[in-house]
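Only one structure is covered here, and it is reproduced in the block below.
The values are calculated or read from the model by the stated rules, or taken from the named source; none is laboratory data. Everything numeric here is computed off the predicted structure, so don't read it as measured data. All Cβ positions, even for glycine, are placed from backbone atoms using ideal geometry, and neighbour counts span all protein chains on display.
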There are 4 protein chains.
Amino acid sequence: MDSIEKEIIKFRDERDWKQFHNARTLAASIVIESAELLELFQWAKDEEIEEIVEKKLDKIKDEIADIYAYLVILAHDLGINLQDAVREKMKKNARKYPVDKAKGTSKKYTEFVE
Amino acid sequence: MDSIEKEIIKFRDERDWKQFHNARTLAASIVIESAELLELFQWAKDEEIEEIVEKKLDKIKDEIADIYAYLVILAHDLGINLQDAVREKMKKNARKYPVDKAKGTSKKYTEFVE
Amino acid sequence: MDSIEKEIIKFRDERDWKQFHNARTLAASIVIESAELLELFQWAKDEEIEEIVEKKLDKIKDEIADIYAYLVILAHDLGINLQDAVREKMKKNARKYPVDKAKGTSKKYTEFVE
Amino acid sequence: MDSIEKEIIKFRDERDWKQFHNARTLAASIVIESAELLELFQWAKDEEIEEIVEKKLDKIKDEIADIYAYLVILAHDLGINLQDAVREKMKKNARKYPVDKAKGTSKKYTEFVE
């Protein structure tokens, strides 16, 4: 367990909050926190986004921290290593999105023309 | 930059996908991926959650990896250190949720009785 | 246009808010409001849900009203009739979820065994 | 009960799906469906939104229908009249967002300067 994971789990366990945590409640919590993050940009035009980032950076940091904390707890409780999971996923995605087909396009792989 | 961050950013930049990434599109992406994670538990009763975790662990890992990847990219692009952000947030939360008031309750701090 | 649609659009147009509304901002708004609704049940055990509904009915009504208002605006702006859309969708779903296969199960149609 | 509500509830009850429905699962379902709607615009620039609406109108209709169906079921099961709820909410919002302050701005009422 790395240091930040230990600190987050310690914070949780000191408060005896594990009883409220399962894969569903933690998934819901990530949705809820990320929707709060999205709310900061709810009505923004593309060209207004950077300005909002500057003005609301502290709030953005807080929301990102909440998402990260719930994600670390979820991975911890399920015995998932975040780094390993993302490396395995990138391997899969490298096959779905090879550089020559995916470069510069936001198309979903299901939309690639053979 | 730690290793996993470098690998994720390399994957993104090889595909020239930075042009699609800003705080709003990445926040939306975290919402979308976490809603896909929540969907795995959409109709589950409390006592069915563990069984779903066992049966669908590979799918869960993939969704968690997607959330983590977008979160790392978002933090990277905004110059936010995830560990620092979570430590600062835990300091704030330690004041809102002191152990003696928060222990064993899922109440929001706004519901604590003085 | 039925009466409630007219009232909602009038409210919007009096405030000159159409300039902030497109399919993306309205979809995001429905996500944001429904995540606020979900937050009321964030940590609830199954058997606590009814009690929360009783205690927080006014807040629940407000969130449901927000979702409904954004949905009516979105359908209005895109020229979609909500009733027609849901009838067409139920026809599709009746084929995916015929009563004899779907009765009493929360399985996704992709999980039905032939 | 109006006609569309009757049809939706009939569809649900024929399949004996009420057992899976409570305020939490239905709120989660609205989040999930609206995130699928948002996904259609995940990477879109502002000026690309209209084109996506044209190209993907059938998919958009389906997602909107899903959101509407879950919302009608939720309101039905909780004894909430959608029209009444939205009228009450508009009354509250009319106080928070009076035309003279709210016209042409996407600011939240908490950001209005006195």
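Brief remarks on what is shown
- Boolean, A:A75 is at the interface with chain B (Cβ under 8 Å from one of its Cβ atoms), surrounded by 18 or more Cβ atoms within 10 Å (Cβ to Cβ), small (G, A, S) and more than 15 Å from the chain's Cα centre (by Cα): no
- Condition met for C:I80 (without any contact (Cβ under 8 Å) to a residue 60 or more places away in the chain, assigned to a helix (DSSP H, G or I) and crowded, with 16+ Cβ neighbours inside 10 Å): no
- When we screen D:K103, D:K96, D:K45 for residues that are closer than 24 Å to C:A28 by Cα, basic (K, R) and within 14 Å of chain B (Cβ to nearest Cβ), the only hit is D:K45.
- Residue satisfying condition, being touching a helix residue (DSSP H, G or I) at 6+ places or on another chain (Cβ under 6 Å), closer than 21 Å to B:A35 by Cβ and not small (G, A, S), within set C:I30, C:I60: C:I30
This table checks each residue for (1) within 14 Å of chain B (Cβ to nearest Cβ); (2) touching a residue at least 24 places away in the same chain (Cβ under 8 Å); (3) crowded, with 20+ Cβ neighbours inside 10 Å; (4) assigned to a loop (DSSP other than H, G, I, E, B).
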residue: D:E5; (1), (2), (3), (4): no, yes, no, no
residue: D:K10; (1), (2), (3), (4): no, no, no, no
residue: D:Q19; (1), (2), (3), (4): yes, no, no, no
residue: D:S34; (1), (2), (3), (4): yes, yes, yes, no
residue: D:A65; (1), (2), (3), (4): no, no, yes, no
residue: D:L71; (1), (2), (3), (4): no, yes, yes, no
residue: D:V86; (1), (2), (3), (4): no, no, yes, no
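- A:D66 being on the phi < 0 side of the Ramachandran plot and at pLDDT 95 or above: yes
- For the range D:23-51, the tally of residues that are over 21 Å from A:A44 (Cβ atoms) and among the acidic types (D, E) stands at 2.
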